[in-house]
Structure formats: structure tokens, C-alpha cells
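The values are calculated or read from the model by the stated rules, or taken from the named source; none is laboratory data. Source: prediction; values computed, not measured. Don't worry about glycine lacking a Cβ; one is built from the backbone with ideal geometry, like all the others, and counts go over all protein chains shown.
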Amino acid sequence: MQRGKKRIFRMIFCVALWLFAPTGILSVSAQPDAMRVTLDLQSVTVKEFFNNVKKQTGMSFMYSVEQVRGVEPISIHCQDRPVKSVLDEVLGTGAYTYDGEGNIVTVNRLQRKGGG
């Protein structure tokens, strides 16, 4: 029983740390030119895009499947480009924002004004 309580406490702690971690600290911007990617993707899902970036950079992406459900297929072709620039192009359409700390990037859908 004690072991289960420790596990639950650890899970709650991790979720709280993730939720209350300072936003705006974008480690992608801490080394924007140090991490570079080369991509040749045609009509891929968000998950496939993130997996390709992760393979080249080691970055992990946290996002809600529900939030990215309506994202159009992604096509991007770039060579030796800064990760921040690629993320800005793909996610910077005005519908999404991203923040990072360490090698973890959290992607969120922007809330529409007026209760949306």
C-alpha cells in the first residue's frame, strides 16, 4: 500500500511541476542556432512531424491529441535550418504556441477571445 502512495505522489508531483513550470522559458531559443534540422516531409501528421524533429534533436513534444486534431497535413522542406525557425513556420500560424524547457517542448492551442 505504501508503494502505491509513493507512486501516486510522484505522478501528482510531475503533473504539478509540468503545469506550474515557468512559461516563456524557451530552451529552443536558448540555443536557437545550435539545434538544426533537415526535413523533407510531404503531407505528414503533426505526430510524424514531431517524431522527425525528435530524431534529429532529441527534443520531446507534449501536446493534447485533441488540440491538434484539426491540424492540416504538414509539408516542409528545409536543410540545416534552426529548429526554432521550423517550429515557428509550422506552429506559428496563429493557432498554436509553444514553450520549452530543457528538451521538452509543450505545444498549446491558443484560446480564442470571447470564450472560444
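Taking the listed residues VAL68, VAL53, the one that is modelled with pLDDT of 95 or more, on the phi < 0 side of the Ramachandran plot, of a type in the set (Val, Ile, Thr) and not in a strand (DSSP E or B) is VAL53, with no other qualifying. Here is the figure for the range 78-102: residues that are under 19 Å from ASN51 (Cβ atoms), touching a Leu at 6+ places or on another chain (Cβ under 6 Å) and at pLDDT 85 or above total 2. On inspection, VAL105 passes the criterion of being in a strand (DSSP E or B), modelled with pLDDT of 90 or more and under 21 Å from MET35 (Cβ atoms).
Among the residues of the range 51-65, just one is free of Cβ contacts under 8 Å to residues at least 12 places away in the same chain and surrounded by 14 or more Cβ atoms within 10 Å (Cβ to Cβ), namely LYS54.
For the criterion of being hydroxyl-bearing (Ser, Thr, Tyr), farther than 26 Å from GLN111 by Cβ, surrounded by 13 or more Cβ atoms within 10 Å (Cβ to Cβ) and modelled with pLDDT of 90 or more, THR38 fails.
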